[in-house]
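Written below as C-alpha cells is the structure these notes are about.
The values are calculated or read from the model by the stated rules, or taken from the named source; none is laboratory data. Given the structure is predicted, the values throughout are model-derived calculations rather than measurements. Glycine also receives a Cβ, built like all others from the backbone with ideal geometry; neighbour counts cover every protein chain displayed. The accessibility values were calculated without ligands, DNA or RNA, using every heavy atom of the protein model including side chains. Shrake-Rupley method; radii C 1.70, N 1.55, O 1.52, S 1.80 Å.
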Amino acid sequence: MAKTALITGILGQDGPYLAKFLLEKDYKIYGLVRRYSNPNFGNLEYLKIADKVDYVEGDMADEASLLNLIRVIRPTEIYNLAAQSFVAASFEQARLTTEVNSLGVLHLLNAIKMFSPTTKFYQASTSEMFGLQHTNGYQDEKTPFHPRSPYGISKVYAYWLTVNFREAYGIFTSNGVLFNHESPIRGPQFVTRKITDAVAKIKIGLAKNLHLGNLEAKRDWGFAGDYVEAMYLMLQQEKGDDFVVGTGENHSVKEFVELAFRFAGIPHWEEYVVVDPLFKRPSEVPELRAKSDKARKILGWKPKTNFEELAKMMVEADIKRYKILNPKS
Ligand code: NAP
Ligand code: G4F
C-alpha cells in the first residue's frame, strides 16, 4: 500500500520541495493548510504540484483540529514543517511564535500518541538553537544550545519534546537540526531572497537600493531541494534519532551580496547597499557552521548544490520573474 505523509507548512518553502520529493516516491500527500481568507499556493504552483496534494484544514495553535485530523488520516509519516519561522518577527511576536512552534508540536505529538502511535514524526529543528555555542567553530549533535531569540527558544522546547516522546512512549520521532537552506521560493523576508529580489529589481530598473542589517553575520547556506532528502532519510531508519544537516561551509551576508550583484552583472554593489539599524536584531547569532558527519555516515546524505550555485540559481530566478512581469524592461 502507498505510504501517506502529512506535511505541515505545505505552503512554505520546504513543504513544496518535500512534497515533490515524496510524490516522486509515490507517497500520497496530505498538506495542512490553516484557515486563511486567501491562501497562497504560489510555491506549490512554482514546482508544478499544486494539484497533486490533498489539502486538509487545521492550525498548529488549535489542538482539537490536529487531534481530529490525525484520528482520521493516521498517516505513515508526519513532517512537521509549520512554524512562525522568521527570527526577527519572533522578538515582536514571542507568544505567537511559542504557541505555534512549541505548543503546536505538543498537540501533534499528543495526537500521534492517542490515535496513531505507529506514525513516524519528523520535527523541523534548527541551527538557531545553538545560538552562541559552537565546538571548535562548528555545531554538531553534541554542541549545547544557547538560543538567542524567542524563535530559537521555542524550537529548543520542541526539540526536547520530540526526544521525550521517543524516550517516554517509544514513538518514532526524529529531529532534523537543519542549517539555513534557501531556494527561489524562499520567503522574501529572509536575507538571501531579500537580496536576490532587490538585485533583480535594481537590474531591471524597478529599485535603486537595498536596506540590510548586519552584513558580518555568517551562515551555513544550502539548497532546500537538497535538504528535504535528509528529512525523508531520517524517517527511513530503524529508529528515530537526531541529525545535524548543513554544508560545513559558511559565508557572510556581505559575501552573498557581492555574489548576487556579480551574477546579475551589476558592478559596485556598495553603491546600492544601505546598512539600516532597522534590520539589526536585539540579540544576534553571529556565526553558524554545521558538522554533519553523522548525517553523512548514517543517512548517506550530502549536499549537491554549493554556495555559488545557490546564489546564481536564486538571482536568475528572480530576474526571470521580474522580466515576465515587466516584459519591456
Ligand atoms: P516557511 O517558508 O516560513 O514556512 C512555514 C509554514 O508554516 C508556512 O507555510 C505557514 O503557513 C505555516 N504555518 C505558520 N503558522 C502556522 C499555523 N499556526 N498553523 C499551520 N501552519 C502554520 O518555513 P520553511 O523555510 O519552509 O521552513 C520549514 C520549517 O523548517 C520551519 O519549521 C522552520 O522553522 C524550520 N527550519 C527552516 C530552516 C531554513 O533555513 N529554511 C532551517 C532550519 C529549520 P502560511 O503559508 O499559511 O503562512
Ligand atoms: O535570512 P535570515 O532572516 O535567517 P536566520 O535568522 O538565520 O533564520 C533562518 O535560518 C534558521 C536556521 O539557522 C531557521 F531556523 C529560521 O527559520 C530561518 O529560516 O537572517 C540571516 C542573517 C542574520 O544574521 C540576520 O541578522 O542575515 C542577517 N541579516 C542582515 N540583514 C538580515 C538582514 N536578515 C534579514 N532577514 N533581513 C535583513 O535585512
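Give the range 115-140 a look and list any residue that's in contact with a Lys or Arg (Cβ under 8 Å, 6 or more places away or on another chain), surrounded by fewer than 16 Cβ atoms within 10 Å (Cβ to Cβ) and polar (S, T, N, Q), or say none.
Passing the criteria: only Thr135.
Run Ala64 past the list (1) closer than 30 Å to Asn214 by Cβ; (2) free of Cβ contacts under 8 Å to residues at least 12 places away in the same chain and report the number of the one that doesn't hold.
(1)
Could you say which residue among Tyr122, Tyr169, Tyr138 is of a type outside the set (S, T, N, Q) and more than 18 Å from Val244 (Cα to Cα)? Step through it out loud before you land on a result.
Numbers: Tyr122 fails: more than 18 Å from Val244 (Cα to Cα); Tyr138 fails: more than 18 Å from Val244 (Cα to Cα).
The match here is Tyr169.
If the requirement is being of a type in the set (Val, Ile, Thr) and closer than 21 Å to Leu96 by Cα, which of these qualifies: Val33, Val56? Step through it out loud before you land on a result.
On the way: Val56 fails: closer than 21 Å to Leu96 by Cα.
Testing whether each residue is of a type in the set (Val, Ile, Thr) and closer than 21 Å to Leu96 by Cα leaves just Val33.
Report yes if some residue within the range 225-236 is more than 13 Å from ligand 2 (Cβ to nearest atom) and surrounded by fewer than 17 Cβ atoms within 10 Å (Cβ to Cβ); otherwise report no. Don't jump to the end; show me each part of the working.
Filtering the range 225-236 for residues more than 13 Å from ligand 2 (Cβ to nearest atom) gives 225-226, 228-236.
Narrowing the set further to residues that are surrounded by fewer than 17 Cβ atoms within 10 Å (Cβ to Cβ) leaves 236.
Yes, the range 225-236 has at least one match.
Conditions (1) more than 20 Å from the chain's Cα centre (by Cα); (2) within 21 Å of Ala111 (Cβ to Cβ); (3) within 16 Å of ligand 2 (Cβ to nearest atom); (4) not hydroxyl-bearing (Ser, Thr, Tyr), marked per residue:
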position	(1), (2), (3), (4)
Ser37	yes, no, no, no
Gly42	no, no, no, yes
Ile70	yes, yes, no, yes
Glu77	no, yes, no, yes
Ala94	no, no, yes, yes
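Quick check on my filter: what residues within the range 86-127 are farther than 21 Å from Phe190 by Cβ and assigned to a loop (DSSP other than H, G, I, E, B)?
Ser116, Pro117, Thr118, Thr119
Just for the range 162-192: of the residues that are within 10 Å of ligand 2 (Cβ to nearest atom) and outside any loop (DSSP other than H, G, I, E, B), which one is most open to solvent (accessible area, probe 1.4 Å)? Quick ask: steps written out before the conclusion?
To start, the set of residues in the range 162-192 that are within 10 Å of ligand 2 (Cβ to nearest atom) comprises 177-182, 186-192.
Keeping just the survivors that are outside any loop (DSSP other than H, G, I, E, B) gives 177-178, 181-182, 191-192.
Details: Val177: 7, Leu178: 11, His181: 22, Glu182: 3, Val191: 47, Thr192: 0 Å².
For the range 162-192, the residue satisfying everything is Val191.
Would you please name the residue that is nearest to ligand 1 (Cβ to nearest atom), looking only at residues in the range 267-316 that are acidic (Asp, Glu) and without any contact (Cβ under 8 Å) to a residue 24 or more places away in the chain? Before the answer, list the steps.
The first filter runs over the range 267-316 and keeps only residues acidic (Asp, Glu), leaving 270-271, 276, 284, 287, 293, 308-309, 316.
Checking the rest, the ones that are also without any contact (Cβ under 8 Å) to a residue 24 or more places away in the chain come to 270-271.
Details: Glu270: 27, Glu271: 29 Å.
Step by step, filter the range 267-316, then rank; the result is Glu270.
Looking at Ile10, Ile49, Ile78, which is the one that is over 30 Å from Asn214 (Cβ atoms), open to solvent by less than 50 Å² (accessible area, probe 1.4 Å), of a type outside the set (Lys, Arg) and near ligand 1 (Cβ under 10 Å from one of its atoms)?
None of the others qualify; the one that does is Ile10.
Within the range 253-266, is there a residue that is over 20 Å from Glu141 (Cα atoms), away from ligand 1 (no atom under 16 Å from the Cβ) and either assigned by TED's automatic domain parsing to the domain that holds Thr135 or open to solvent by 70 Å² or more (accessible area, probe 1.4 Å) (or both)? Before you say what the answer is, go through the steps one by one.
As a first pass, look at the range 253-266 and keep what is over 20 Å from Glu141 (Cα atoms): 253-266.
When the remaining residues are screened for being away from ligand 1 (no atom under 16 Å from the Cβ), the result is 254-255, 257-266.
Filter once more, so that each one left must be either assigned by TED's automatic domain parsing to the domain that holds Thr135 or open to solvent by 70 Å² or more (accessible area, probe 1.4 Å) (or both): 258, 262.
Yes, the conditions are met somewhere in the range 253-266.
Quick check on Tyr159: is it within 14 Å of ligand 2 (Cβ to nearest atom), assigned by TED's automatic domain parsing to the domain that holds Ile70 and within 21 Å of Ile7 (Cβ to Cβ)? Break it down into steps so the answer makes sense when it comes.
Working: within 14 Å of ligand 2 (Cβ to nearest atom): yes; assigned by TED's automatic domain parsing to the domain that holds Ile70: yes; within 21 Å of Ile7 (Cβ to Cβ): yes.
For Tyr159, the condition - within 14 Å of ligand 2 (Cβ to nearest atom), assigned by TED's automatic domain parsing to the domain that holds Ile70 and within 21 Å of Ile7 (Cβ to Cβ) - is met.
Does Ile195 count as touching a residue at least 40 places away in the same chain (Cβ under 8 Å), closer than 30 Å to Lys25 by Cβ and either of a type in the set (A, V, I, L, M) or within 12 Å of ligand 2 (Cβ to nearest atom) (or both)? Talk me through it step by step, then tell me what you get.
Values: touching a residue at least 40 places away in the same chain (Cβ under 8 Å): yes; closer than 30 Å to Lys25 by Cβ: no; either of a type in the set (A, V, I, L, M) or within 12 Å of ligand 2 (Cβ to nearest atom) (or both): yes.
For Ile195, the condition - touching a residue at least 40 places away in the same chain (Cβ under 8 Å), closer than 30 Å to Lys25 by Cβ and either of a type in the set (A, V, I, L, M) or within 12 Å of ligand 2 (Cβ to nearest atom) (or both) - is not met.
Would you please name the residue that is farthest from His146 (Cα to Cα), looking only at residues in the range 267-294 that are under 20 Å from the mean Cα position of the chain (by Cα) and open to solvent by less than 40 Å² (accessible area, probe 1.4 Å)?
Taking the candidates together, the pick is Ser292.
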